[in-house]
Structure formats: C-alpha cells, structure tokens
C-alpha cells in the first residue's frame, strides 16, 4: 500500500472522484480543508486527516461564541475583498458543528469559485489566515459562494455511489480523478455508506481516491 495512502471503510469519513483531470481542494483539508473541512472540509486538510490537530478539532471544546467571532471576522474580511473587487453579494454567517460558515449569496460570482472551486479554496485559505491573525487560533471555517459547495457535495456523493456500484459489479479497484481534500472526504463517505473501502493515494495536487471491492 502507498505510504501516503489514507484508508476509510464503512462508517468512516475520509475523502476523493471521476476519471479525468483533477483539481487541487483545500488548504485546511489543506480539506480540509477540513478540510478541506471539512471535508475538512482543508485545504491544512479538511478531510484527509493530514492537518495538525488543535483544540478546534474537538467539537466539545469549542465555544460557540468563538465560532461566532470567527464568522464575524471572516465576514468582514470577505466583504472587504468584495469591495476591492467591486463585486456585489450578500454575506450570511452560520455555525455548523464545530466550524463557522460564511456564505456569499445573492449574486452570480463564478469568478470567485473558479474551475473546480480552485479560486474559492484560495479565498477560503486567505480568510482563515485573516481570522488566525486576529484570534491566534487555527480557523476551520468554511467559505462558500453561491451555494457551490452544496452542489458539489451532491455531485460527488453520486460519484462515490456510482464508483462503489461499479466496483461491486466488476470486483476491480477503481481509481478516481484527482480531487481536493473536501471532495475526497465526500467521496470517501459515499463509498463507506455503500459498504466498500476507499483510500486516498498520491501527492497533492494529484491525490485521488481509489475504491476497493469488499474483502
């Protein structure tokens, strides 16, 4: 087995997707962002488990007030970026589990997402760094633009299900396309839910999920 491989089985969340050109996801995960998370979500690594742990990784130790503060700092930072770029968009803040979530909504901002979410991942990492500078804590907040992450989550869940079904029928491991940590985490989860095992192999930005038949 590749010394860089990560393994996940039924009931575990790891994360990667389709045969074809890949994209780099998350400096958390770099995800995860977690991941890139998330999942990680690095881009750090939000979902592949390559990121140093901190008190933020233990949900029971996170003060909701701290997460709200992170969200406010992040929202101010993103708002400043939108002003500089002369782009319109409303900013929503929320808390999901042990991370703050900041979303830019109300406008078509494809330029802030980029191909396969590459620009979004870069913006997320910059936003996390801005929060870290003010709080001194590694931020795991997630940034979304125009609902991109939710749409991508649905697509990748289907990718994971389809790959698992193919492997069940052929009995042959399937290598998916290179993905970001956020993307891999979603696929790992879908494969595990289907009762199969998957691993992440390779180095960023070519790291990918491999789905294996049941033993």
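The values are calculated or read from the model by the stated rules, or taken from the named source; none is laboratory data. Note that the structure is predicted; figures quoted are calculated from it, not measured. Quick reminder, even Gly has a Cβ in these numbers, built from the backbone with ideal geometry, and neighbours come from all protein chains shown.
Before we move on, is residue 129 touching a strand residue (DSSP E or B) at 6+ places or on another chain (Cβ under 8 Å), assigned to a helix (DSSP H, G or I) and surrounded by 13 or more Cβ atoms within 10 Å (Cβ to Cβ)?
no
Which of the residues belonging to the range 191-213 are within 19 Å of the chain's Cα centre (by Cα), assigned to a loop (DSSP other than H, G, I, E, B) and surrounded by 17 or more Cβ atoms within 10 Å (Cβ to Cβ)?
Result: 202, 204, 207.
Listed here are the residues, each with its yes/no results for (1) crowded, with 22+ Cβ neighbours inside 10 Å; (2) modelled with pLDDT under 95; (3) closer than 30 Å to residue 78 by Cα.
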{"site": "137", "(1), (2), (3)": "no, yes, yes"}
{"site": "145", "(1), (2), (3)": "yes, yes, yes"}
{"site": "158", "(1), (2), (3)": "no, no, no"}
{"site": "163", "(1), (2), (3)": "yes, no, no"}
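To keep it simple, each residue is scored yes or no on (1) modelled with pLDDT of 85 or more; (2) buried (at least 16 other Cβ atoms within 10 Å of the Cβ).
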{"position": "44", "(1), (2)": "no, yes"}
{"position": "50", "(1), (2)": "no, yes"}
{"position": "64", "(1), (2)": "yes, no"}
{"position": "68", "(1), (2)": "yes, no"}
{"position": "71", "(1), (2)": "yes, yes"}
{"position": "86", "(1), (2)": "yes, no"}
{"position": "93", "(1), (2)": "yes, yes"}
{"position": "109", "(1), (2)": "no, yes"}
